[in-house]
Amino acid sequence: MRENMLFMWLSNKNIADYNTIARFRSQKLQIAFKDIFTQVILLLVEEGHL
């Protein structure tokens, strides 16, 4: 967010620190990651890779 102009514009030049990103990942994305992981596993089984 400090080097990429697109991210700077999207964030209105607000910079998130490591703790903010880690908290967002653990609280907001935990369920989504589980769902995505399940979907990937099912796709791999369907394609015969597992």
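Simple rule: put +1 on each Lys or Arg Cβ and -1 on each Asp or Glu Cβ in the chain, find the dipole, and look at 8, 29, 49; the Cα lying farthest toward the positive end is 8.
May I ask you to give the percent of accessible area on the chain that is carbon plus sulfur, with a probe radius of 1.4 Å?
Working: 3100 of 5060 Å².
Roughly 61 percent of what the probe reaches on the chain is carbon or sulfur.
In terms of solvent-accessible area of protein heavy atoms at a 1.4 angstrom probe, what is the ranking of 23, 2, highest value first?
Working: 23 115, 2 170 Å².
From most accessible down to least: 2, 23.
Angle check, please: helix 30-46 long axis (alpha carbons) against the longest principal axis of the chain (alpha carbons), in degrees 0 to 90, nearest 10. Long axis of 30-46 versus the principal axis of the chain: about 40 degrees. With protein chains left intact and a 1.4 Å probe, residues in the chain average 101 Å² of accessible area per residue. Helical runs (DSSP H, four residues minimum) scored at -39500 (n - 2.57) apiece and divided by the length of the chain put the mean residue ellipticity at 222 nm at -21000 deg cm²/dmol. The distance between label points at residue 27 and residue 40 comes to 2.5 nm (points 7 Å beyond Cα on the Cα→Cβ vector). Quick check: the angle from helix 18-28's long axis to the longest principal axis of the chain, C-alpha only, nearest 10 degrees? Compared with the principal axis, the helix lies near 40 degrees.
The values are calculated or read from the model by the stated rules, or taken from the named source; none is laboratory data. In this text, all values refer to a predicted model and were calculated from it rather than measured experimentally. Counting neighbours? That spans all protein chains shown, and the Cβs are built from the backbone with ideal geometry, glycine included. All accessible areas refer to the heavy atoms of the entire protein, side chains included, with ligands and DNA or RNA removed. Shrake-Rupley method; radii C 1.70, N 1.55, O 1.52, S 1.80 Å.
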